[in-house]
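J.: Structure provided below as structure tokens; questions to follow.
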Amino acid sequence: MRDQIVAGNWKMNNDHRETEILLNALAVHSKPKDVRVMVAPSFTQLSQSIDLLKNDSIKVVAQNMNAAASGAYTGEVSAAMLKGVGVTTVVLGHSERRSLYHENNSSLSEKVKTAIAEGMEIIFCFGEQLEERKTDRHFEVVKDQLSEALFALPEAAWEHIILAYEPVWAIGTGETASPAQAQEMHAFIRSLIVERYSLSLANEIAILYGGSVKPSNAKEIFSMEDVDGGLIGGASLNAEDFMAIVNAF
Ligand code: PEP
């Protein structure tokens, strides 16, 4: 049975006080035993979040990290620094990192290698732009993203990886991929893993869907055979909405 996962990507939201309010509100909810729940605060709130959640099953993850171990990378944070504060999972390749900070499949493959060498778990994001879907290139784009960033890894390294398919046109737009569109792409992703690796790996890998998931649509999306949960942006900033999504399986 694959992991069921709901991860909240807070992006650049929630200062010290807001983090305390939101995490305290999440902590009072009981969590389903069979769902891994994660939140990704800003770097500055990681230690605080770990402290606030020390008696809770919610896991604190980082939104990004640098591929280098240390050095002249002003403003950056290394894997060892994350581990030093107790963070062992990192989101890599979010579309905002790709579009605003020019991350690409090649630079992401370096980050992935570092994260794996450091024993970290990765939520690897990828997905097509609107124009690519409109011109029917979404399968090709996703195949390239996975091939270039991940398919040089040996099969054993995939125990560190959670995939998050996030069609860019559905992120923060209120527009969601239909459950059938999500299922179609997730099944395609599994077929790529069968082709490159093995059926057993394809069956084990958790593939999350991200893009305007809300309490009103989560159940239908999560009911799709190849959708193992969600990466949630906007709705993760509200405790009631986020917990409704966590309980939508
Ligand atoms: C995201 O940022 O990964 C995301 C899916 O955002 P939203 O849920 O707001 O579309």
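J.: With respect to the numbered conditions (1) open to solvent by 50 Å² or more (accessible area, probe 1.4 Å); (2) in contact (Cβ under 8 Å) with a residue 24 or more places away in the chain, which one is the sole condition not fulfilled by V112?
T.: (1)
J.: Identify all residues within the stretch 43-82 that are buried (at least 18 other Cβ atoms within 10 Å of the Cβ), under 28 Å from F249 (Cβ atoms) and within 19 Å of the chain's Cα centre (by Cα); write none if there are none.
T.: Q45, L46, S49, I58, K59, V60, V61, A62, Q63, N64
J.: Look at the stretch 101-136 and say how many of its residues are touching a Phe, Trp or Tyr at 6+ places or on another chain (Cβ under 7 Å) and under 20 Å from D3 (Cα atoms).
T.: Residues in the stretch 101-136 being touching a Phe, Trp or Tyr at 6+ places or on another chain (Cβ under 7 Å) and under 20 Å from D3 (Cα atoms): 1 in total.
Condition check ((1) among the aliphatic types (A, V, I, L, M); (2) modelled with pLDDT of 95 or more) across all residues:
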| residue | (1), (2) |
| --- | --- |
| T176 | no, no |
| L192 | yes, yes |
| Y197 | no, yes |
| A202 | yes, yes |
| I221 | yes, yes |
| V227 | yes, yes |
| G230 | no, yes |
| A235 | yes, yes |
| A248 | yes, yes |
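J.: Which of the following residues is within 16 Å of the ligand (Cβ to nearest atom) and in contact with a His (Cβ under 8 Å, 6 or more places away or on another chain): E166, E240?
T.: Numbers: E240 fails: in contact with a His (Cβ under 8 Å, 6 or more places away or on another chain).
Just one listed residue meets the conditions, E166.
J.: Restricting attention to the stretch 1-23, report how many residues are more than 16 Å from the chain's Cα centre (by Cα) and open to solvent by 70 Å² or more (accessible area, probe 1.4 Å). Spell out the reasoning first.
T.: Let us first name the residues in the stretch 1-23 that are more than 16 Å from the chain's Cα centre (by Cα), namely 1, 13-23.
So of that shortlist, the ones also open to solvent by 70 Å² or more (accessible area, probe 1.4 Å) come out as 1, 15-18, 20-21.
Of the residues in the stretch 1-23, 7 are more than 16 Å from the chain's Cα centre (by Cα) and open to solvent by 70 Å² or more (accessible area, probe 1.4 Å).
J.: For the stretch 126-146, indicate whether the set of residues that are in a helix (DSSP H, G or I), touching a Leu at 6+ places or on another chain (Cβ under 7 Å) and either modelled with pLDDT of 95 or more or away from the ligand (no atom under 16 Å from the Cβ) (or both) is non-empty. First the steps, then the outcome.
T.: At the first step, the residues of the stretch 126-146 found to be in a helix (DSSP H, G or I) are 130-134, 138-146.
Still in the running and touching a Leu at 6+ places or on another chain (Cβ under 7 Å): 143, 146.
Retained after the next criterion (residues that are either modelled with pLDDT of 95 or more or away from the ligand (no atom under 16 Å from the Cβ) (or both)): 143, 146.
Within the stretch 126-146, one or more residues are in a helix (DSSP H, G or I), touching a Leu at 6+ places or on another chain (Cβ under 7 Å) and either modelled with pLDDT of 95 or more or away from the ligand (no atom under 16 Å from the Cβ) (or both).
J.: Residue check: is A202 free of Cβ contacts under 8 Å to residues at least 40 places away in the same chain and farther than 18 Å from D144 by Cβ? Write out each step before concluding.
T.: Working: free of Cβ contacts under 8 Å to residues at least 40 places away in the same chain: yes; farther than 18 Å from D144 by Cβ: yes.
For A202, the condition - free of Cβ contacts under 8 Å to residues at least 40 places away in the same chain and farther than 18 Å from D144 by Cβ - is met.
J.: Only residues that are open to solvent by 20 Å² or more (accessible area, probe 1.4 Å), more than 19 Å from N9 (Cβ to Cβ) and not charged (D, E, K, R): list them for the stretch 115-140, please. Reasoning before the result, please.
T.: To start, the set of residues in the stretch 115-140 that are open to solvent by 20 Å² or more (accessible area, probe 1.4 Å) comprises 116-119, 121, 129-137, 139-140.
So of that shortlist, the ones also more than 19 Å from N9 (Cβ to Cβ) come out as 116-119, 130-137, 139-140.
Within the stretch 115-140, I116, A117, G119, L130, T135, F139 qualify.
J.: Can you name every residue in the stretch 223-237 that is touching a residue at least 60 places away in the same chain (Cβ under 8 Å) and either more than 10 Å from the ligand (Cβ to nearest atom) or under 19 Å from A187 (Cβ atoms) (or both)?
T.: Scanning the stretch 223-237 gives D228, G229, G230, L231.
The values are calculated or read from the model by the stated rules, or taken from the named source; none is laboratory data. Note that the structure is predicted; figures quoted are calculated from it, not measured. Please note: Cβ atoms are built from the backbone with ideal geometry, for glycine as well, and neighbour counts cover all protein chains shown. SASA here: full protein model, heavy atoms, side chains in, ligands and nucleic acids out. Shrake-Rupley method; radii C 1.70, N 1.55, O 1.52, S 1.80 Å.
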